[in-house]
Amino acid sequence: MSGVYTRLVSGLLFPLQERLKGHSTVAVRRALEASQWWSTAQLAEYRLERLRALLLHAGRQVPYYQRLFADHGFDPATVTDVADLQSLPLLGKADIRAHLDGLKARDARGLARFNTGGSSGEPLIFYIGTERVSHDVAAKWRATRWWDVDIGDREIVMWGSPIELGAQDRLRRLRDGLMRTRLLAAFEMSPEKVAGFIDQIRRFRPRMLFGYPSAFAHIARQAEADGSRLDDLGIRVAFVTSERLYPDQRQLIERVFGCPVANGYGGRDAGFIAHECPAGGMHITAEDIIVETVDANGAPVPPGTAGEVVVTHLATRDFPFIRYRTGDVAVLGSAACSCGRGLPLLEEIQGRTTDFIVARDGTVMHGLALIYEVRDRPGVQAFKIVQESLDLTRVLLVTDAGFDPAAIGQIRAAFGQRLGEGVEIRVEQVDSIPPERSGKYRYVVSQVDSQQGRNV
């Protein structure tokens, strides 16, 4: 049961803020809380109606799509199935960079410039209108309420993006204070900084956490080592996003913070694609986002098969994202969730295409094949695996006094067996491993194209 102040924030202060911004967030969230219980047929009919409306608008108002539809002989009025989208080419980051102005609708409202954090390369610049902001915020809000927490409950946000951290002016701090949100910078995770984070979390006593799984796992690891309890604070849930969530991270966070972990999947560019419910289902925000999975040639793959995630965001009339390549690899599910929601499921999220390693003979494997050879060795505090080419892989290690130098040879031998004879494995002991420009921490980064088995 939410407290009086939480109900004041979620029922009055936050809706007032959204109304002043010209957002329809409250109405959208209420609609989403009803539609999540619809049947598969009702949801499919609703999505098709919205898809046709998006395509018709793009054909009339968006120069890029006017040309694209003409070049491919595509008539949005003839769309009778979501599968008709496959008549259109995929939208890549290079396409957006090359046609940034042409992707803006002539009747766009409230366009704001955004960019991705550039975790795996050059940041992507794009625009978002008020319609999409309302829908994205509403989708996250709906998922938050699945866990018996709400806007206005005490929240620790562990973030590293310079976009959010750079926006901490006086008005933003006042708003965060009213919403009872405390933002902690995840850029520096030194023992001294982490000790300070642990102290702040204990004093603030949050009801929920939100941030990178790597950051919360790092805090949990140090708290456990120092004997600092965090499971007696009444935290109800830890929402994690923006990075792949590994099973050992989930177990560690749940054990130390004494709460379940709720995974979230999406991005600043693609939107909030899926959220985990208390029954464990990774539900796609199907009212707003059509998810396809495709192979290296762009052909669709069936549920149960891994493929690159391609999204069409139905609330992007102002700057359409139609068949947008996310660069992520996932598996669509076909079963229903025991929670009873009709929203389709993601069976597995495997990570970014750059999280996959390519052996010298072209064999593609997930980075986990190498991570397991490093992560659990005594004395390893942090690590990063960088595949520079088919001939060179670097392993960065932060170690303590418990590390056995003989392990370096063991790591080289294990990696050599996986990657192939003649591949140079360079193990480097370093003082620290900085995050990506976005503030995220990544265990594996490959500069070899896993889709083609060649250098990118």
Item checked: Kirkwood-based shape ratio for segment 1-117, expressed as Rg/Rh from alpha carbons -> 1.07
Note to self: Which lysines, if any, have their Cα less than 19 Å from the Cα of Lys140, not counting same-chain residues under 8 positions apart?
What the structure shows: Lys21
Check: Out of every Cα-Cα pair in segment 254-404, what percent are more than 20 Å apart?
Finding: 61
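Starting from the Kirkwood Rh over alpha-carbon pairs, what translational D in µm² s⁻¹ does segment 1-62 have by Stokes-Einstein at 10 °C and 1.306 mPa s?
Rounded, D is 111 µm²/s.
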Next item on the list: Would you work out the charge dipole size for segment 307-442 about its Cα centre, treating the Cβ of every Lys and Arg as +1 and the Cβ of every Asp and Glu as -1, and quote it to the nearest 20 debye?
Entry: 440
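Which FRET efficiency value, to the nearest 0.05, do you get for Arg97 and Glu388 by plugging their Cβ-Cβ distance into 1/(1 + (r/R0)^6) with R0 = 30 Å? Working shown, then result.
Numbers: r = 25 Å, r/R0 = 0.83.
Calculated value: 0.75.
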Notebook entry, point to check: Where only protein heavy atoms count, and the probe is 1.4 Å, what is the accessible area per residue for the chain in Å²?
Noted result: 44
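Hey, any idea what % of segment 380-451's accessible area is carbon plus sulfur with a 1.4 Å probe?
Working: 1530 of 3420 Å².
That fraction is 45 percent.
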Notebook entry, point to check: So what's the Cα pair-distance distribution over segment 166-272, bin width 5 Å, in %?
Noted result: 2, 12, 22, 23, 22, 13, 6, 1
Notebook entry, point to check: Which of the lysines could a cross-linker span from Lys384 if the Cα-Cα distance has to be under 28 Å and same-chain partners fewer than 8 positions apart are dropped?
Noted result: Lys93, Lys193, Lys440
Notebook entry, point to check: Which value, in debye to the nearest 20, describes the size of the charge dipole of the chain about its Cα centre when Lys and Arg Cβ atoms bear +1, Asp and Glu Cβ atoms bear -1, and nothing else is charged?
Noted result: 1580
Next item on the list: Mind grabbing the base-10 log of I(q)/I(0) for the chain at q = 0.09, 0.11 Å⁻¹? Debye formula, identical points on the C-alpha positions, no solvent, two decimal places.
Entry: -0.63, -0.95
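Placing +1 at every Lys and Arg Cβ and -1 at every Asp and Glu Cβ, with all other atoms neutral, what dipole size does segment 1-107 have around its Cα centre, in debye to the nearest 20?
Numbers: 14 positive and 11 negative charges, 107 e Å.
So the dipole magnitude of segment 1-107 works out to roughly 520 debye.
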Notebook entry, point to check: log10 I(q)/I(0), Debye, Cα-only segment 49-98, no solvent, q = 0.23, 0.29 Å⁻¹?
Noted result: -0.90, -1.27
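The values are calculated or read from the model by the stated rules, or taken from the named source; none is laboratory data. Please read these numbers as outputs of a predicted model, since none were measured by experiment. Glycine also receives a Cβ, built like all others from the backbone with ideal geometry; neighbour counts cover every protein chain displayed. Just the protein is used for accessible areas: all its heavy atoms, side chains included, with ligands, DNA and RNA removed. Shrake-Rupley method; radii C 1.70, N 1.55, O 1.52, S 1.80 Å.
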